[in-house]
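Here's the structure we're looking at; comments come further down.
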Amino acid sequence: MYRINHGAVVVVTILHQIVRYLWYSPSVFFDPWLSAFRLNTLALTDISLLPFLLAILASLAFCYLFAWLINRLDISRVTAGVGLATLLWLPHAGLWTISQYLIAKIPWSGILVDVLGTLVNAALAGVILTTWRKRLAPQKPSQDETK
């Protein structure tokens, strides 16, 4: 039996923020994303802290749910962890986001930047949370059970 490794959840949450920062950096996907969403750098100078706090909260919630599922389903292979991450990603972050962005007439270049970035983070969670699990300490039998 395993229990949730809170340290692993925190590490993955921090890594999610780092990956997203790099993903949307000017050297990676910032320009195509900016263009697809019809934004300019001036529009991004006055952003509140709220989106960043929500991103951290969303990552934390996803990681705790994901760690619980990994333990509940007793997933121990990294490929199975990444597969489960993909299954969790597909209906909501994948298909739902794509449909909403298509309604908003966001070009595929922006859609792919967003949804694939989310998939990368989900897969990262699958790798780390599957390999970094905490085994429950064996319980000693009570006196009633030894009789």
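Couple of notes before you dig in:
- Residue ID - surrounded by the fewest Cβ atoms within 10 Å (Cβ to Cβ), chosen from residues in region 82-141 that are among the hydroxyl-bearing types (Ser, Thr, Tyr) and farther than 17 Å from VAL12 by Cβ: SER99
- The test for being without any contact (Cβ under 8 Å) to a residue 40 or more places away in the chain, surrounded by 11 or more Cβ atoms within 10 Å (Cβ to Cβ) and in a helix (DSSP H, G or I) does not hold for ILE70.
- Remark: pairs (first residue in region 114-133, among the β-branched types (Val, Ile, Thr); second residue part of a loop (DSSP other than H, G, I, E, B) and crowded, with 19+ Cβ neighbours inside 10 Å; Cβ separation under 6 Å; 6+ apart in sequence or on different chains) = THR130/ILE75.
- Number of residues in region 1-44 that are over 19 Å from ALA67 (Cα atoms) and assigned to a helix (DSSP H, G or I): the value is 17.
- For region 45-59, the count of residues that are crowded, with 17+ Cβ neighbours inside 10 Å, at pLDDT 95 or above, in a helix (DSSP H, G or I) and within 12 Å of the chain's Cα centre (by Cα) is nonzero.
- Taken across region 16-32, residues that are touching a strand residue (DSSP E or B) at 6+ places or on another chain (Cβ under 7 Å) and not small (Gly, Ala, Ser) do not occur at all.
- Whichever residue in region 73-82 is small (Gly, Ala, Ser) and assigned to a helix (DSSP H, G or I) and, among such residues, is farthest from HIS92 (Cα to Cα): ALA80
The values are calculated or read from the model by the stated rules, or taken from the named source; none is laboratory data. Quick caveat: nothing in here was measured; it's all calculated off a predicted structure. Glycine gets a Cβ as well: all are built from the backbone with ideal geometry, and neighbour counts include every protein chain shown.
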